[in-house]
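Quick notes on the structure that follows.
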Amino acid sequence: MSDPVAELIAAERLPEDYREVVEQFWQPLAQRIAREATRRKPLIVGVNGAQGSGKSTLCRFLEVLLEPQGLRVVTLSLDDLYRTRAERAEMAAKLHPLFATRGVPGTHDVSMALALIEDMRAGRSVTLPRFDKSVDDRMAEGETITGPVDVLLLEGWCVGAVPQDHAALAEPINRLEAEEDHGGTWRGLVNNALAGDYADLFAQIDLLVMLKVQGFEAVAANRRLQEKKLAEANPGAPALMDDAALTRFLDHYERLTRHQLTEMPARADVVFEIGPDQRPLRLPDGLEGARSIT
């Protein structure tokens, strides 16, 4: 008899003891999602977490855990909604040069996401976009999903984010902002995007789950590990980054990442504290079967 959890652990190249994480943490979360999915179809679950916090891995396990309960689960990554390279180049020319780099609010096609959700709520087939980070562009073909969807996992580093107070934008937070966004135009436009169509998108979320890393410093280490894996899978790809390029890339994310780590835990429905080994430290309140591994 096949063991989907064991197969996924092997496919993700995780240690065998990762099954304990699945049983102690992801299974209780899956149980809550399954309960709430009886009330609304599709149930939209937002999964927020800084780069390298394990969002994609969590979503893959949720798909496996929810399938035996008769639920059709689809994952849509905010990363796959990035505007094309050409579209971002146009934004960079018209609005601000920093919009050439993917990542911050404003660089996603939010109208596409809202249309996809509307189609899912109506039970229509959809084609999900896919983005290839190794070439920094959207793939020509997406993934077609037919039939009704019970659960949509919307995952991304800024899923569920809210704008900062305008006064907080005044002082640059890092070298990138100080040297390349002198007057704060770029960070102001990013903040305005969060208050606009991104707010409309995130208002669709029924259950917000946060994977809360211990600080922005952990993000850099996790993102370097991601880049290493990307290089192993796509050696010689044109969009791979060395350490200097990666540091500059992460500077684009720092402000909003720190903001989320400060304000989101108080309003997210489920918050998993993530340790340096990218594993949860304890089961959050409100999930069944709590048992700490610390």
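Every number in this text was worked out from the coordinates using simple rules, so none of it is lab data. Just so you know, these numbers come straight off a predicted model, no measurement behind them. Positions of Cβ are backbone-derived with ideal geometry, glycine not excepted, and every protein chain shown enters the neighbour counts.
For this structure, a couple of remarks:
- Cβ-defined net charge surrounding Pro265, 14 Å radius [Lys, Arg +1; Asp, Glu -1]: 0
- All distinct Cα pairs of the range 53-104 go into the 1/r average, and the inverse of that average, the Kirkwood radius, is 13.4 Å.
- Inter-site label distance for Asn192 and Thr38 at 7 Å from Cα along Cβ, in nm: 4.7 nm
- DSSP finds beta bridges in the chain, and of those with both partners inside it, around 25 percent are antiparallel.
- Its Cα gyration tensor gives the chain an equivalent ellipsoid. The semi-axes, each the square root of 5 times an eigenvalue, are 30, 22, 20 Å from largest down.
- Mean Cα-pair separation over length for the range 1-134, i.e. relative contact order, pairs under 8 Å, 6 or more apart, %: 19 percent
- Listed by Cβ neighbour count within 10 Å, with the fewest neighbours leading, Tyr18, Tyr253 appear as Tyr18, Tyr253.
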